[in-house]
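Accompanying notes for the structure given below.
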Amino acid sequence: MTNLIDIKGVTHAYKTENGPLPVLENLNISVPEGDFCAVVGPSGCGKSTLTRLIAGLIKPDEGEVWLHGERVTSPRSTVGMAFQNPVLLEWRTILDNVLLPLEIVPNSMSKRQKQDRARDLLALVGLDGFEDKRPSELSGGMRQRASLCRSIVHKPDVLIMDEPFGALDAFTREDLWQTMHRLRAEEPFTGVLITHDLRESVYLADEVIVLSGRPATTQHVENVKLSGRTDLEVIYTQEATDILHRLRHQIEVAQGRAEVVAQ
Amino acid sequence: MKHWKKVATPTFAIIAFLAFWEFIVWFNHWPNYKMASPSDLIPAYAKYWNLFLIYGWQTLWRTVVGLIVAVIFGTLIGMVMGFSRTMRDALYPLLVGFNAIPKATVVPVIALIFIGQHDFNTILIAFMISFFPISVAVSIGLSTLEPEYRDILRSLGASKWTIFWKIALPKTLPEFFGALKVSVTLAFIGTNLMEIVEPHGRGLGHLFDSGKINADYPLMFAVLIALAFLGIVLYYIVVALEKIFAGWAERPQG
Ligand SMILES: Nc1ncnc2c1ncn2[C@@H]1O[C@H](COP(=O)(O)OP(=O)(O)OP(=O)(O)O)[C@@H](O)[C@H]1O
Ligand SMILES: [Mg+2]
């Protein structure tokens, strides 16, 4: 199986007034095509920086980022992004917000096809009937759903999400997790999900990568293959609990609050 | 019902204001040279109505042209300062200093430099006095654009121009119109300053000046009211434009 995302020995530092701030150090991540990869780690360790590297928004000081067998040196239209802040454009309707990427990415779709595509996606996330509303008329969870639609409307190979559900209440968040599974069943994409919520990572991802504290490097890779996973109940099985336990421990190690124990 | 109220409320306020004015003048037995009353103005308008039309138009178009130049120049300066930190640091003190100079002192200087070029003079002052709020608003609007907004488009390979056109510009419009409302009034002041100061000038300012020279006090007050009227018209044109282009920024009031 080929890897869709290959991050090889990436090192990156920000230039600040007090000299360089090393953020990532010799980071290696591979995500096979179609997989969903969650990245967790202590706050401020460099997760958002990682998303910007994959998207080609910044270049690594050392190492390489590969997408689909091509080296990333600049942004590319085969990537979709979603953030904690839904960043919808207030002056556009929900439908026009979702259509935004199609105005930029070269494509051969007719106006009609674009609209149909956007409407289908909105229906898929439960926003049918809200196409002509303004973002300010929607709840936080609904805005994040619209934002998700926008991030995949141009059929990207890679969906990068930086704590997309971080600002939502627990119930809305669980709703959106299930929406995510529904989207994955319909749309083929490879995902990178940055999150602070271990249960979220276990429920959604095929593998969970734990980053060490800053400068971040890959500390631990956990394969999550829970059976029958679209049911939320799966989080409460023994299997899931064991995984959560291991991840919890790894986070504590990353924060410098626990020693590594041999497994 | 709602529309009816929207027009009726300000109309009532204006009538109440005029009545109050008439009453004060009558109550204090003020002579014309101290304060003319609204009823004195009607003969002034009747006598000079053609001058009011000609001069009013002159004042109006020169203010509007000055304002348009201010919008173009102010937006460009604002864009330069909004996109580049260095330019912001370099230009800000210059702009603030320039803005701090009382324009009443600049008017005679300009009038002398470009003597006789009435239209140019007036437009120049109207522009100089009114571009500052616009450039500040645009630069602040652009420099406070959250990075995520930019990243959303940049990650798709959008050009800088596309990002400006699709996101930065519309997002700045509410601030821009806020500033434009201030600038309209300022440009108006600029036009009139020049019209009053310049010898053999034009526009309502000149009419005011000739009222002064001829001790025609009702005429002077009539000019002031005409100016107020033009100011209101311009202001509401800006409000209408704001509704069209930045109406989305208005939150429904509950
Ligand atoms: N543009 C920048 N210039 C300088 N330093 C930066 C910049 N962006 C981020 N940093 C610093 O780099 C470090 C990593 O930032 P990053 O946003 O990648 O962390 P994160 O893991 O996403 O944090 P969080 O979990 O809080 O979202 C932080 O210490 C941050 O202060
Ligand atoms: Mg972050």
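Spin-label point model (7 Å from Cα, Cβ direction): what's the A:Arg182 to A:Thr241 distance in nm?
Distance between the two pseudo-spin positions: 3.1 nm.
Under 19 Å Cα-Cα from A:Lys155, which lysines qualify once same-chain neighbours fewer than 8 residues away are excluded?
Partners within reach: A:Lys111, A:Lys114.
For B:Ser39, B:Ser183, what ranking results if the residue with the fewest other Cβ atoms within 10 Å of its Cβ goes first?
So the residues, fewest neighbours to most, are B:Ser39, B:Ser183.
So, R0 is 51 Å and r is the distance between the beta-carbons of A:Asp132 and B:Ala104; what FRET efficiency does that work out to, to 0.05?
0.45
In deg cm²/dmol, rounded to 500, what helix-only [θ] at 222 nm does chain B give when every DSSP H run of at least 4 residues adds -39500 (n - 2.57) and the total is split over its residues? Don't jump to the answer; show the numbers that get you there.
Values: 10 runs with 208 residues, N = 254.
Per the formula, -28500 deg cm²/dmol.
Add -39500 (n - 2.57) for each DSSP H run of 4 or more in chain A, then divide by its residues: what number comes out at 222 nm, to the nearest 500 deg cm²/dmol?
-10500 deg cm²/dmol, from helical runs alone.
Count, for each residue of A:240-250, the Cβ atoms from other chains sitting within 10 Å of its Cβ, then give me the mean as a whole number.
0
Can you give the angle from 0 to 90° between the axis of helix A:238-254 and the longest principal axis of chain A, with both taken from C-alpha atoms, to the nearest 10?
Computed tilt is about 70 degrees.
Return the whole-Å distance between the Cα centroid of the range A:171-241 and the Cα centroid of the range A:38-110.
19
List the lysines whose Cα sits under 18 Å from the Cα of A:Lys47, skipping any in the same chain fewer than 8 residues away.
Cα-Cα hits under 18 Å: A:Lys8, A:Lys15, A:Lys59.
Using only Cα atoms, tell me the angle between helix A:170-186 and the longest principal axis of chain A; keep it within 0 to 90° and round to the nearest 10.
80
Considering amide H positions built from the backbone, and no H for Pro or chain starts, which residues 5 or more places from A:Leu27, or on another chain, come under 5 Å of its amide H?
Answer set, sorted by chain and number: A:Gly9, A:Val10, A:Thr11.
Taking only complete DSSP H runs, can you tell me which helices of chain B stretch 27 Å or more along their own long axis by Cα positions and average at least -0.5 on the Kyte-Doolittle scale?
Membrane-span-like by this criterion, though nothing is claimed about a membrane: B:2-28, B:38-83, B:118-143, B:169-197, B:217-246.
Going 7 Å from the Cα of B:Ser84 along its beta-carbon direction, which residues of the range B:139-182 have the amide nitrogen within less than 20 Å of the resulting point?
What the label zone holds, given the 20 Å backbone N cut-off, is B:139-145, B:159-165, B:168-169.
Mind checking which lysines have their C-alpha under 27 Å from B:Lys212, skipping anything on the same chain fewer than 8 residues away?
List returned: B:Lys34, B:Lys47, B:Lys103.
What's the FRET efficiency of A:Arg257 with A:Glu64 using the Cβ-Cβ distance as r and R₀ = 45 Å, to the nearest 0.05? Could you put the intermediate results ahead of the total?
Details: r = 33 Å, r/R0 = 0.73.
So, using R0 = 45 Å, E works out to roughly 0.85.
Starting from the 7 Å offset along Cα-to-Cβ, what nm value, one decimal, do you get for the label separation of A:Tyr14 and B:Ile140?
In this crude label model, A:Tyr14 to B:Ile140 measures out at 2.6 nm.
Using DSSP to define loop residues, name the GluC sites (Glu not before Pro) in the range A:10-67 whose beta-carbon has at most 15 other beta-carbon atoms within 10 Å.
Within the range A:10-67, the qualifying GluC sites (Glu not before Pro) (loop, at most 15 other Cβ atoms within 10 Å) are A:Glu17, A:Glu33.
Which ³J(HN,Hα) values, rounded to whole Hz and listed in residue order, are derived for the range A:53-67 from phi using the Karplus coefficients 6.51, -1.76 and 1.60 in 6.51 cos²θ - 1.76 cosθ + 1.60 with θ = phi - 60°, glycine and proline given as x?
5, 4, 6, x, 6, 10, 9, x, 5, 9, x, 9, 10, 10, 10
Express in nm, to one decimal, how much length is gained between B:Phe120 and B:Ala16 on full extension, taking 0.36 nm for each residue of separation and deducting their alpha carbon distance.
33.5 nm
Where a number appears in this text, it was derived from the coordinates with a stated rule and is not lab data. Keep in mind the model is a prediction, meaning the values are calculated, not measured. Counting neighbours? That spans all protein chains shown, and the Cβs are built from the backbone with ideal geometry, glycine included.
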